[in-house]
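Here's the structure, in structure tokens; my notes come after.
Laboratory data are not the source of any read-out in this text; all were calculated from the coordinates shown. Everything numeric in this text was worked out from a predicted model, so none of it was measured. All Cβ positions, glycine included, derive from the backbone under ideal geometry; neighbour counts span all protein chains shown.
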2 protein chains.
Amino acid sequence: MRDSELAQIRQLPLFRTMADDSFALLMRAAYDQTFPAFVQLIEQGAEPDFLHIVVEGSVELFARWQDRETTMAVVRPVSSFILAACIKDAPYLMAARTLEKTRIILLPSVDLRAVFQTDHKFAMATINELASCYRSVVRHAKDIKLRNARERLAAYILRKTRDSKSASFIIPVEKRLLASYLGVTPESLSRTMKSLQEVGAKVDGQRVIITDRKALEAVAHPSPLIDGPDCDDEAALAGAALLDDGDDDESVVARPYTY
Amino acid sequence: MRDSELAQIRQLPLFRTMADDSFALLMRAAYDQTFPAFVQLIEQGAEPDFLHIVVEGSVELFARWQDRETTMAVVRPVSSFILAACIKDAPYLMAARTLEKTRIILLPSVDLRAVFQTDHKFAMATINELASCYRSVVRHAKDIKLRNARERLAAYILRKTRDSKSASFIIPVEKRLLASYLGVTPESLSRTMKSLQEVGAKVDGQRVIITDRKALEAVAHPSPLIDGPDCDDEAALAGAALLDDGDDDESVVARPYTY
DNA sequence: CGAACCCTTGACAGAAATCAACTAAGGTGG
DNA sequence: CCACCTTAGTTGATTTCTGTCAAGGGTTCG
């Protein structure tokens, strides 16, 4: 593995505080692999062999049931995913696939479990990571249960432009994926998007332009208790991730789901 | 606080493995309070002062947005809730109210944070607890996003009778609350319940009787990746909780949400 | 160029919410 | 003890939202 990646991983909140030799031990058996686009990395129900860390590219976490699928999150560099399954050594609840050519570091989960048995700092970091992830899913569940499709989309748009000066942004994923994340069909998303033109959001291809933020806010009623802290972008779908440690309600960007 | 409660709490997975003096320190400043029914214990957005442990009675965790409410979980003895908020020292994402006369132990969250800085065993237990809670919410989100109301209800009924010999059970909460948990209106639940008569589930007041389990399964397609491990009951809404440690996919009963 | 795929649009169907009325059970107070 | 009130639950009528099915436009890529 290249030193530059190693350094980058070392700076992740999860690994930053741990002892040098713990880190070395963890990385000793690590793999560094690059996958093409649209490769399924893990299947739900499988046993967790590795903690995954996205170094370049992006990964979709999704869930399947019968013939249906829903995307739960998109993980971007540099973040880990499926931490919880690795910790519990229990079957993955979600599946994962690359959305583009993606570079992943794979840490054997046995090593992971061994190391946080001995390295208290690492255990503390893990606690923080898990608590953040937990809160992320709770917010997602609240979003889905409390708002309708229109309100969710409006809220998403506001999240994506919250702390940027700009009144427009590029949807960072295929619209069908955004639809799935928001819990609607692509057709519904398309129509809903159109209907938002009357309340302040125009769409042009992958670009969304906010024409009336106040009006949008009147629809979405954004709340930090659903949309996350002010500083962060949509953790799950936007998320350039973060070398920053902070609390999920104070950091620059909250960590995406970890599963 | 009475010794019997103390012993019971000590046996919780979260506290069982920690050092005696850590436990004593944690309990030193603990309150033991009994609340009447329908008292709001915490409000969403508030700062977490105490980790709550339900000793007797039951507590609803719910979320609010605009004029809407949705119940996220019901916590029963002996379980803690709002662990994640206490750890992160970040605002509660959910509110909590008693559903009946309820006895609660309150542990100052500053003590909590202090103790797992020093007690590695406790940190490990916290990691396990959080990972379980995380997986619970993921399952809830999957349930909501992947199944429709009818399928969710059928799955709920199957969960409630999964490992019992009996073909019937008593709905442990008001139906309106169950409706909210399942993400539908009370009217919808009532109608959906009725519609399930044709596929194997009769309802008589608070009692649900399964007349054709196979037919119900054909609707619900129960899966451990949504409905939880075989051994457990619906963690959130059923949950007599558990002095058992186990992994959420192996224990007798998974721990409810912790927030 | 054609095939495949994403997105959009339209027409329609189905699911669930809303509004309203009614029943039944439990509690209160005369 | 009974009239009265409140509230949970049910049922019916209707609207609203969202999904489904089908078709067409636009892109990309081999």
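Observations on the model:
- Across chain A, the mean sequence separation of Cα contacts (distance under 8 Å, 6 or more residues apart), normalised by length, yields a relative contact order of 23 percent.
- Inter-chain neighbour count for B:85-94: the average number of beta-carbon atoms from partner chains within 10 Å of each residue's beta-carbon is 6.
- A convex hull fitted around the alpha carbon atoms of the protein assembly as shown yields 138 Å³ per residue.
- Descending principal axes extents, chain A, alpha-carbon based, whole Å: 58, 38, 31
- Whole-angstrom gap from the range B:1-47 to the range B:110-170, using each part's C-alpha centre: 20 Å
- Pseudo-label separations to other copies for A:THR211 - Cα-to-Cβ vector, 7 Å, nm: 5.6
- Among the residues of B:59-68, the average count of other protein chain beta-carbon atoms within 10 Å of the residue beta-carbon is 3.
- Each residue of the range A:36-42 was assigned a 3J(HN,Hα) from its phi angle through the Karplus expression (A = 6.51, B = -1.76, C = 1.60, θ = phi - 60°), giving x, 5, 6, 9, 7, 8, 9 Hz with x at Gly and Pro.
- Extension gain (nm, one decimal) between B:ARG191 and B:ALA29, 0.36 nm per residue minus Cα-Cα: 53.4 nm
- Taking chymotrypsin sites (Phe, Trp or Tyr not before Pro) across the range B:31-76, the ones in a DSSP loop with at most 15 further Cβ atoms lying within 10 angstrom of their Cβ are B:PHE38.
- Calculated log₁₀ intensity ratio I(q)/I(0) where the Debye formula runs over C-alpha points of the range B:3-140, q = 0.14, 0.21 Å⁻¹: -0.62, -1.42
- Computed log₁₀ I(q)/I(0) - Debye formula, equal Cα scatterers, no solvent, the range B:76-209, q 0.14, 0.17 Å⁻¹: -0.82, -1.05
- Peptide A:162-168, shielding by other chains (average Cβ, 10 Å cutoff): 0
- Packing here is the average count of other Cβ atoms within 10 Å per residue, and on that basis the peptides B:7-18, B:132-143, highest first, run B:132-143, B:7-18.
- Each of A:GLU217, A:GLU198 was scored by other Cβ atoms within 10 Å of its Cβ. Listed from fewest to most, they are A:GLU198, A:GLU217.
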